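Just below is one structure, and these are the notes that go with it.
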Amino acid sequence: MNSKYRYLVPNGITFLSLICGIVAILSAATERIALGGALILASYVLDFFDGTTARKLNARSEFGLQLDSLVDMVSLGAAPAVLAFFHLRVQGDVAESLIWVCAVMVPLAGAFRLARFNLLPMKVGQTDSIGLTISTAGALLVLAIMTDLSGRIAIANFWFIPLMVLLSLLMVSTITFPSVKWIFSRRKVNICLIILTGIGIWQLSFIPTWYLLTNGYVGISLARAGYRTVISQQSL
């Protein structure tokens with residue numbers, strides 16, 4: 001592809017992700033929670049493809065990096081918090097003060113996570129990230145809401161408060177999380193994921209299965225970090 005135009009493809013995907021995030025916020029504000037959640041998840045998927053496309057086309061740029069961070073802040077930081085805010089307000093059985101505090105906390109933690117990431121030197125082949133990424137945190141929050149709406153798995157409304165606090169703490173933490181792209185590059189892991197996904201969709205449906213798998217990713221990452229901490233302390 002002509003070098004002059006190849007940057008348009010990944011940046012175009014990023015802008016499409018931004019559109020999804022903005023419309024998701026407007027949808028949530030008009031109590032179209034399911035539509036807003038679907039758009040945020042679409043933005044999450046697009047966030048994976050813009051970076052992959054940029055690498056394939058050799059179209060990585062400082063502009064693209066900054067644009068991606070700004071879009072992540074809107075579509076996967078602010079939008080999930082707004083969605084959770086209106087979802088819990090509609091239910092009406094959680095103290096409104098807690099909803100306000102947590103809805104502000106999530107994008108604040110996401111902004112901190114993105115700022116710290118942008119200050120780190122770019123490492124080729126890096127498989128770990130410091131702190132839970134804003135994209136995974138936002139997706140997990142939305143998946144919990146969508147799973148609750150599906151009725152397949154009952155999630156108490158009050159559970160969203162500690163969930164939002166936990167996701168915020170994980171984003172600002174220094175815990176290392178393996179890259180989702182790196183996980184998908186492992187053949188044996190992919191086989192296990194295909195089997196688990198098939199069973200999950202058969203027994204539940206796609207969204208609850210995605211929610212459980214994402215919870216599994218976070219849980220395994222925390223267990224791995226705890227194991228590494230114990231081993232390092234024993235070696236001292």
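A few comments on the model shown:
- Residue satisfying condition, being of a type outside the set (S, T, N, Q), within 13 Å of I22 (Cβ to Cβ) and at pLDDT 95 or above, within set A79, A109: A79
- Flag for I199 being in contact (Cβ under 8 Å) with a residue 40 or more places away in the chain and part of a helix (DSSP H, G or I): no
- Flag if R60 is farther than 19 Å from P107 by Cα and in contact with a helix residue (DSSP H, G or I) (Cβ under 6 Å, 6 or more places away or on another chain): yes
- Restricting region 51-70 to residues that are within 12 Å of G12 (Cβ to Cβ) and hydrophobic (A, V, I, L, M, F, W, C), the residue that is nearest to the chain's Cα centre (by Cα): L67
- N190 at pLDDT below 90, within 22 Å of M73 (Cβ to Cβ) and exposed (fewer than 14 other Cβ atoms within 10 Å of the Cβ): no
- Count of region 159-192 residues, restricted to those that are in contact (Cβ under 8 Å) with a residue 24 or more places away in the chain and closer than 16 Å to M105 by Cβ, is 11.
- Pairing each residue of region 219-236 that is on the phi < 0 side of the Ramachandran plot with any residue that is aromatic (F, W, Y) and surrounded by 10 or more Cβ atoms within 10 Å (Cβ to Cβ), provided the two are 6+ apart or on different chains, yields C-beta distances under 6 Å for S221/F177.
- Boolean, P178 is at pLDDT below 80 and either exposed (fewer than 15 other Cβ atoms within 10 Å of the Cβ) or closer than 21 Å to S69 by Cα (or both): no
- Per-region count, region 18-50, residues among the polar types (S, T, N, Q) and within 13 Å of the chain's Cα centre (by Cα): 1
- Taking the conditions (1) at pLDDT below 95; (2) in contact with a Cys (Cβ under 9 Å, 6 or more places away or on another chain) in turn, S150 satisfies each one other than (2).
- Enumeration of residues in region 196-224 that are aliphatic (A, V, I, L, M), surrounded by 14 or more Cβ atoms within 10 Å (Cβ to Cβ) and modelled with pLDDT under 90: L196, I201, L204
The values are calculated or read from the model by the stated rules, or taken from the named source; none is laboratory data. Being a predicted model, the structure only gives us computed values, none of them experimental. Cβ coordinates were reconstructed from backbone atoms using ideal geometry, including for glycine residues, and neighbour counts include every protein chain displayed.
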